[in-house]
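**Q** Take this structure, written in structure tokens, and hold onto it; I'll ask about it next.
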Amino acid sequence: MVSRRKNINIFLMDGDVTGRMKCTLSNWTGVLYKIPRIQLASLKERDELKQSGLYFLFGKDDDSQKDITYIGQATTRKNGEGVLFRVQEHTRDSHADYFNDVIILTTQNNSFGPTEISYLENSFTNLAKEAGRFVVKNGNEPNPGHVTEEKQAELDEIIEYATMIIGTLGYKLFVPLIQPESISQVKQQDNEQFLYLKRRTKKSNQEIRATCKRTTEGFVVLKGSMVDMIAAPYLSQAVQKLREELSKKGVIQGGILQQNQLFNSASTAATFVLGMDTNGRTDWKNQMGITLKKLEEQEVND
């Protein structure tokens, strides 16, 4: 499906890119606020934030430096408080230690009822888990509720727009490392983005085969790729630590990668796979056997 182009309106409420932001789209009743934690109280009089809505808490784990999120919902209470009040409660509970930024999704006409926000919370949580970029702190899977097919179509449009805006704000919470199609389903013009590594190493005498895809973010080693589990003594500490962590978590099982893994450079991707320092620009090749180095040179000259 071809992505639709959109014009997102981002209002810097403080005239500062690190401050509060209000985001809208033309002909859409939804509205998103990005709010630094220390500025939550400054919006307590804003009527839109006293309504029902969804919220996303963002932070990092101090030990692992992994991105963390919690996705929640809130309905308007009898005291007239709504989604912002619920977020402020998290500054005093078990979530208080990690989050620094909040994104709130509500509407300009207070159209989110309990059924709508239950469906949205369930959908956002599942999408975030499927993307796998953030540690999702939600314990139990939210109840999806029961919506008609007409209402579902309406809510799915809200999800599409909200995920687009959240990504634009810098949180790739819902963005898969690669599109979910299998390699066999990829259009022919996309095949040039896939690279292959096949190399026998002396330390294990095993022929290692791996596949990666070039993306706008870097190089994604694909699920199912082999990983040589015997590490060379001179392997960089950072790569060795990553390999050990992923093995403990079951992401590497029996020398096979169980989920896609993103790397900034082709060499780091190849080093991770082979367990030794190497030049990824010559290790990775396309289906025709042309190295990444030559492919990039051709792209510059074309």
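None of the figures in this text is laboratory data; all of them are computed from the coordinates on show. Quick caveat, the model's predicted, so the values are computed rather than measured. Using ideal geometry, Cβ is built from the backbone for each residue, glycine included, and neighbour counts are taken over all protein chains shown.
**Q** Rounding to the nearest 10 and keeping the result within 0 to 90°, find how far the Cα-based axis of helix 292-301 lies from the longest principal axis of the chain.
**A** The angle comes out at about 70 degrees.
**Q** Using only Cα atoms and rounding to the nearest 10 degrees, what angle (0 to 90) does helix 237-248 make with the longest principal axis of the chain?
**A** In the chain, helix 237-248 runs at an angle near 70 degrees to the longest axis.
**Q** Next up: In what order do Arg37, Arg243, Arg46 fall by count of nearby beta-carbon atoms within 10 Å, going from fewest to most?
**A** Final ranking by Cβ density, sparse to dense: Arg46, Arg37, Arg243.
**Q** As an exercise, find the ratio Rg/Rh for the chain from alpha-carbon atoms, using the Kirkwood inverse-distance average for Rh.
**A** 1.04
**Q** Report the convex hull volume per residue for region 8-168, counting only C-alpha atoms, in Å³.
**A** Hull volume over Cα atoms, normalised by residue count, gives 123 Å³.
**Q** For the chain, what does the relative contact order come out to in percent, with C-alpha contacts under 8 Å and a separation of six or more?
**A** About 11 percent, as a whole number.
**Q** If the cut-off is 29 Å between C-alpha atoms, which lysines fall inside it for Lys50, apart from same-chain ones fewer than 8 positions away?
**A** Lys6, Lys22, Lys34, Lys60, Lys78, Lys129, Lys137, Lys151, Lys172
**Q** Students often get this wrong, so check it: of Lys66/Lys293; Lys66/Lys213; Lys213/Lys294, which have C-alpha atoms separated by over 25 Å?
**A** Lys66/Lys293
**Q** Once the Cα atoms of helix 149-168 and of the chain are each reduced to a long axis, what angle between those two axes, in degrees from 0 to 90 to the nearest 10, is obtained?
**A** It is inclined by approximately 70 degrees.
**Q** Provide, as a two-decimal number, the C-alpha radius of gyration of region 183-301 over 2.2 N^0.38 Å, N being how many residues it has.
**A** 1.03
**Q** Using Cα pairs closer than 8 Å and at least 6 residues apart in sequence, work out the relative contact order for region 194-302, in percent.
**A** This gives 27 percent for region 194-302.
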